[in-house]
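Structure first, commentary second.
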Amino acid sequence: MDKRPDYKIIEKEILNLWNKNKEIFKFDINKDQRYIIDTPPPFTSGEAHMGHALEFIWIDFLARYKRLEGYNVYFPLGFDCHGLPTELKVINKLKISKENKEQFIKACIDWTNKMIESMHKTFERLGSSFDRDKVYKTIDRKYEAFVQYTLIKMFNDGLIERKRYPIMWCPKCQTAISMQEAGYLEKEGYLIYIKLPTNNGKYILIATTRPELINSCSLILIAKNKYVETENSLIVSKIYAEKNNLKIIREYDYKELENLEVTIPLINRKAKIISDNDVDYNFGTGIVWICTYGDPYDIKWKEKYNLPEIISISEDGRIISSINEINGLKVEEAREKMKEILKDYIYKIEKINHNVLSHTERSDCLSPLEFIPKEQFFIKIKDLKEKILEWQKDIKIIPESEVKRLIDWINNIDQDWNISRTKMLWGLAFPFYEKDGKIYPVNIEDLPIDPRIDKEKVKKYAGKFFEDETVDVWIESSITPLAILYYALTENKEFNPKELPELFDKIKEYLPVDLRQQGYEIIRTWLFDTIVRVNLLKK
Ligand SMILES: [Zn+2]
């Protein structure tokens, strides 16, 4: 070798060598000794970055090592195309608005293809030994048809339903999100103690971080424990009075309090007091007001006590249908204003740090989330906790310390998986329609279908398609173990949707795949979603 090697020349020579010999990277599904790697398909909203380089060099190491060991290695390369990041690039960089749907989608396709071309080149230049003939894009017609087929299959198995439910809503992104995309962020806030007049001339004292939801409140809950009246006629938990050195006038059993009624100030709504085992006696005054919907507990309590659903927050995060002084204000502004409007009823205000449910999956959003009832599609996972805990045992996670992250997350499931995304244009359409109040899947031979574009296909069903909803992007990437096998089985074959059911059965014979390399930060999304989807689908 030259004493002063010119790496630019050497790189070209090596790339030429790989390109000439790319047959050695080829995986043949019909040959034995398979070693299948489920590579993470990068998002195509931008160019490849250092993270991708690192990730793909690791996988490349393993793929080459396994080939040297004599394995028939499958190292696929895929691209995960849909999603908000691309929409934002098209809006901000190309200055194309979402008003003209068709034009916008076309711009997203162009942007995506450009990024894929660039990324593909980068991976080649890295000397990555991926199989050149099995590159998949989630916007390939055959990939889209495959995803839609899996949705139809789950629907037919009773695993997908459409229902009206308070969903997690990001007012900033203006879309629904799933619990996999949400998390708690510690934020500064205020705990506001509000005096609610009772019909015996006293005040029930509640503590809330969300006074702006006042008009959504219709019930007061207490713990099954001891309460007291203090010298200012405040009714609080005994423990709160003692901790704060309040002079106790008399004690109340919780049953006595249940006979009282409170009036919600400003709106003058009468509300009952009920005792409930789930109320945290030790938090605040041991008394809570239930508003639709301030947090996930409110959803449970609303269902349990069949409360009216009074919505105070709009999709863009403003107060609606409430008192005039705050109507139209942003939630944060209204919260601030309530301190002034409610001043006759405020006992005290405490500055606190608390955990706020936020859109944590997107680091450029992080907005607090709201619960807004909407009719959407859900995968029924709420009651699958035990099964998912069993399924995860089939996977060996390295390092083992990360298993805990997955198990904690599974134990955390308390709601179904909302898979509808509204206001998102750059996404896959649902292969369902509604007719006479019932949901039906389309025929397999019509896949892929996009009601926004395939007007002819749609016409014959004479039903209502869900044109304003697209599929959660994780639905597309959570079947990569199946999709890569699908690509291996259909290489050089013309796409025919009618073959999907048969192909699907064939794919199952090759499961499980052998290896996946992935970041810990997507354990709760990519890994969790894959475990759920693949196990439900392979049944
Ligand atoms: Zn957001």
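The values are calculated or read from the model by the stated rules, or taken from the named source; none is laboratory data. Source: prediction; values computed, not measured. Cβ atoms come from the backbone with ideal geometry, glycine included; neighbour counts cover every protein chain shown. Keep in mind that these areas ignore ligands, DNA and RNA; they rest on the heavy atoms of the full protein, side chains included. Shrake-Rupley method; radii C 1.70, N 1.55, O 1.52, S 1.80 Å.
Structural remarks
- Criterion (more than 16 Å from the ligand (Cβ to nearest atom) and in contact (Cβ under 8 Å) with a residue 60 or more places away in the chain) met by exactly one of P373, P451, P399: P373
- Contact map, region 67-89: residues that are among the aliphatic types (A, V, I, L, M) paired with residues that are outside any loop (DSSP other than H, G, I, E, B) and open to solvent by 10 Å² or more (accessible area, probe 1.4 Å), Cβ distance under 6 Å, separation 6+ or inter-chain. Pairs shown: V73/Y35; V73/K66; V73/R67.
Per-residue answers, yes or no, for (1) aliphatic (A, V, I, L, M); (2) not in a loop (DSSP other than H, G, I, E, B):
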{"residue": "N232", "(1), (2)": "no, no"}
{"residue": "A241", "(1), (2)": "yes, yes"}
{"residue": "R250", "(1), (2)": "no, yes"}
{"residue": "V262", "(1), (2)": "yes, yes"}
{"residue": "K270", "(1), (2)": "no, yes"}
{"residue": "D278", "(1), (2)": "no, no"}
{"residue": "W301", "(1), (2)": "no, yes"}
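- Condition met for K385 (open to solvent by 20 Å² or more (accessible area, probe 1.4 Å), free of Cβ contacts under 8 Å to residues at least 24 places away in the same chain, in contact with a helix residue (DSSP H, G or I) (Cβ under 7 Å, 6 or more places away or on another chain) and outside any loop (DSSP other than H, G, I, E, B)): no
- When restricted to residues that are of a type outside the set (A, V, I, L, M, F, W, C), surrounded by 14 or more Cβ atoms within 10 Å (Cβ to Cβ) and closer than 22 Å to V471 by Cα, region 490-537 contains 7.
- Only a single criterion out of (1) open to solvent by 50 Å² or more (accessible area, probe 1.4 Å); (2) more than 27 Å from E370 (Cβ to Cβ) is not satisfied by S233, namely (1).
- Single residue of L159, L191 found to be surrounded by fewer than 19 Cβ atoms within 10 Å (Cβ to Cβ), farther than 30 Å from K26 by Cβ, away from the ligand (no atom under 16 Å from the Cβ) and in contact (Cβ under 8 Å) with a residue 12 or more places away in the chain: L191
- Qualifying residue in region 109-118 (condition: open to solvent by less than 20 Å² (accessible area, probe 1.4 Å), in contact with a helix residue (DSSP H, G or I) (Cβ under 7 Å, 6 or more places away or on another chain), more than 23 Å from T422 (Cα to Cα) and not in a loop (DSSP other than H, G, I, E, B)): no
- Evaluation of L151 against (1) aliphatic (A, V, I, L, M); (2) out of contact with any Phe, Trp or Tyr (no Cβ under 9 Å at 6 or more places or on another chain); (3) in a helix (DSSP H, G or I) (one fails), failing number: (2)
- Within region 65-89, being open to solvent by 10 Å² or more (accessible area, probe 1.4 Å) and farther than 27 Å from D364 by Cβ holds for Y65, K66, R67, L68, E69, G70, Y71, N72.
- Among the criteria (1) farther than 30 Å from E502 by Cα; (2) crowded, with 18+ Cβ neighbours inside 10 Å, the one N92 does not fulfil is (2).
- In region 335-370, the residue that is farthest from E467 (Cα to Cα) out of those that are open to solvent by 30 Å² or more (accessible area, probe 1.4 Å), within 16 Å of the ligand (Cβ to nearest atom) and acidic (D, E) is D364.
- Candidates in region 439-461 are the residues that are β-branched (V, I, T) and under 20 Å from G427 (Cα atoms); of these, the one that is most open to solvent (accessible area, probe 1.4 Å) is I453.
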